Amino acid sequence: MKVFRVLMLWAAMTTSAFAAKPEHEAILKQLHLPYGFKISIFAEDVPSARQMALGEHGTVFVGTRDGNVYALQDKDEDGVAEQRYTLATELYMPNGVAYKGGALYVAEINKIIRFDEIESNLANPPKPTVVFDKLPSDKHHGWKYLKFGPDGKLYSGVGAPCNVCNPENPIYASLFRLNADGTGFEILGQGIRNTVGFDWEPHTHHLFFNDNGRDYLGDDAPPDEMNQWVGTKEHYGFPYCHGGIIHDPELAGNMKCGQFKGPVWRYKAHIAPLGMRFYTGSQFPEHYYKQLFVAEHGSWNRSKPQGYQVALIKFREGEPFDEKPFVSGWLTADGTVLGRPVDIVQTNDGSLLISDDKLGVIYKVEYNR
């Protein structure tokens, strides 16, 4: 039986007193954004910061893969979180967080739990309620992204417990949803190696999700994928076909790529696209409205690293057609990795927050009008 230890940590960071750590300031100077945008440190000392969720009163909840769940508050609205709470520890890779109706939902590898009335009890969180506990316990691709859809249901995925394999249990390599009370579990899509980022296109309400491609097919294959789910159950190809175009040399057999639903966008290989967010705020210039920001966590299975940026995927009539760097510089010219973006959340004022699990920080991106 795991023990949930509740702590509260007070970080006395005010407008006059706060200054980012020198090493973080140095990294900020290396980052490049389009003209008119600025990036700053919203919060430091958030180890292994992964997915984020925004509470109705502006609290930023942060999941991790090291067992902790955090809450950050910027009560004086100066662009810096002056308070950090540790809501729980010793969880099983609580990567995913989602907020609805005053409650924080947390996706561990093998279950989803809920903290009720959380924003009014940050210093003394309640014991969590188990919402759903019938998920596999495999660590390999077991960490989850969690988000409420337009239909009020919880969406998440179960990755493949391997680099490439054909597991018998249909819950592996799948996208699923369930009701907020844990009932109504259903698998929506299969053949998805590992999705840890998705969002709904604001006009069509179609679900777009990233999928990280298999390793050990070379530096430039297969492409990582962005897929689309439009309401019917589909198979997206794994482990037989990758990127909609590459037959797996080990497992494809007689399977053809045309048998499966292909991606709507192909990223470069191994860039590891994770969190994504369609922009619906009014702070950024108009041409960013309803466009998609994607955190590219960066490659490891490549002789020359790539990724390590936040990309802008341009959409037209509900479909992607172009990709450009939006925040870059975490990967230097000599291949040094300064940071690894994971997730993106839009705040109430229309700015973006970006988590970085390498540095344990949350960045804030604003547009200077």
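The values are calculated or read from the model by the stated rules, or taken from the named source; none is laboratory data. Predicted model, so just to flag it, every value in this text is computed and none were measured. Cβ coordinates were reconstructed from backbone atoms using ideal geometry, including for glycine residues, and neighbour counts include every protein chain displayed. Note: areas computed on protein heavy atoms with side chains; ligands, DNA, RNA excluded. Shrake-Rupley method; radii C 1.70, N 1.55, O 1.52, S 1.80 Å.
Select from the range 97-108 the residues that are surrounded by fewer than 19 Cβ atoms within 10 Å (Cβ to Cβ) and in a strand (DSSP E or B) and list them in ascending order.
Residue satisfying the conditions is 100 alone.
Quick one: would you say residue 125 is at negative phi and either crowded, with 18+ Cβ neighbours inside 10 Å or in contact with a His (Cβ under 7 Å, 6 or more places away or on another chain) (or both)? Lay out the reasoning, then the answer.
Numbers: at negative phi: yes; either crowded, with 18+ Cβ neighbours inside 10 Å or in contact with a His (Cβ under 7 Å, 6 or more places away or on another chain) (or both): yes.
Criteria met by residue 125.
Scan the range 33-87 residue by residue and report those that are farther than 30 Å from residue 331 by Cβ and in a strand (DSSP E or B).
71, 73, 83, 85, 86, 87
Looking at this structure, is residue 108 more than 22 Å from residue 156 (Cα to Cα) and charged (D, E, K, R)?
Taking the combined requirement at face value, the residue does not satisfy it.
Quick check on residue 300: is it modelled with pLDDT under 95, open to solvent by 40 Å² or more (accessible area, probe 1.4 Å) and farther than 18 Å from residue 31 by Cβ? I'd like the intermediate steps shown before the answer.
Values: modelled with pLDDT under 95: yes; open to solvent by 40 Å² or more (accessible area, probe 1.4 Å): yes; farther than 18 Å from residue 31 by Cβ: yes.
Yes: the conditions hold for residue 300.
Pairs under 6 Å by beta carbon, first residue within 16 Å of residue 165 (Cβ to Cβ) and touching a residue at least 12 places away in the same chain (Cβ under 8 Å) in the range 215-239, partner surrounded by 24 or more Cβ atoms within 10 Å (Cβ to Cβ) and small (Gly, Ala, Ser), six or more apart or different chains?
222/213; 238/173
Does the range 269-291 contain any residue that is open to solvent by less than 60 Å² (accessible area, probe 1.4 Å) and acidic (Asp, Glu)?
Checked against the condition, which is being open to solvent by less than 60 Å² (accessible area, probe 1.4 Å) and acidic (Asp, Glu), the range 269-291 yields no hits at all.
Being open to solvent by 20 Å² or more (accessible area, probe 1.4 Å), under 21 Å from residue 319 (Cβ atoms) and either among the aromatic types (Phe, Trp, Tyr) or not in a loop (DSSP other than H, G, I, E, B) (or both) is the filter here, so list the residues in the range 258-268 that pass it.
258, 260, 265, 266, 268
Collect the residues in the range 118-149 that are assigned to a loop (DSSP other than H, G, I, E, B) and closer than 21 Å to residue 355 by Cβ, keeping them in residue-number order.
118, 119, 122, 125, 139, 141, 142, 143, 144, 145, 146
Matching residues to (1) on the phi < 0 side of the Ramachandran plot; (2) touching a strand residue (DSSP E or B) at 6+ places or on another chain (Cβ under 9 Å); (3) open to solvent by 20 Å² or more (accessible area, probe 1.4 Å):
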{"position": "84", "(1), (2), (3)": "yes, yes, yes"}
{"position": "95", "(1), (2), (3)": "yes, yes, no"}
{"position": "110", "(1), (2), (3)": "yes, no, yes"}
{"position": "137", "(1), (2), (3)": "yes, no, yes"}
{"position": "144", "(1), (2), (3)": "yes, yes, no"}
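Free of Cβ contacts under 8 Å to residues at least 60 places away in the same chain, closer than 29 Å to residue 313 by Cβ and not in a loop (DSSP other than H, G, I, E, B): does that describe residue 152?
Here the answer is no, as residue 152 does not meet what is asked.
Please go through (1) surrounded by 23 or more Cβ atoms within 10 Å (Cβ to Cβ); (2) under 16 Å from residue 353 (Cβ atoms) for residue 38 and return the number of the only condition it doesn't satisfy.
All conditions are met except number (1).
List pairs: first residue in the range 319-330 and hydroxyl-bearing (Ser, Thr, Tyr), second residue open to solvent by 60 Å² or more (accessible area, probe 1.4 Å) and in a strand (DSSP E or B) anywhere in the structure, Cβ distance under 9 angstrom, at least six positions apart or on different chains.
So the pair list comes out as 328/32.
Among the strands (runs of 3 or more DSSP E) confined wholly to the range 289-369, which include 1 or more residues that are closer than 22 Å to residue 221 by Cβ and β-branched (Val, Ile, Thr)? Spell out how you get there, then give the answer.
Numbers: elements: 292-296, 309-316, 319-327, 341-346, 352-356, 361-367.
Result: 292-296, 309-316.
Given the residues 194, 166, 227, 210, which is the only one that is in a loop (DSSP other than H, G, I, E, B) and either closer than 20 Å to residue 266 by Cα or under 22 Å from the mean Cα position of the chain (by Cα) (or both)?
Only one candidate qualifies: 194.
Can you spot a residue in the range 335-358 that is within 23 Å of residue 24 (Cα to Cα), open to solvent by 10 Å² or more (accessible area, probe 1.4 Å) and of a type in the set (Asp, Glu)?
Yes: one or more hits.
For the range 230-250, how many residues meet the condition of being touching a strand residue (DSSP E or B) at 6+ places or on another chain (Cβ under 8 Å), assigned to a loop (DSSP other than H, G, I, E, B) and open to solvent by less than 50 Å² (accessible area, probe 1.4 Å)?
The number of residues fulfilling the criteria is 6.
It is to be established whether one or more residues within the range 242-262 are under 30 Å from residue 362 (Cα atoms) and hydrophobic (A, V, I, L, M, F, W, C).
Checking the range 242-262: not a single residue is under 30 Å from residue 362 (Cα atoms) and hydrophobic (A, V, I, L, M, F, W, C).
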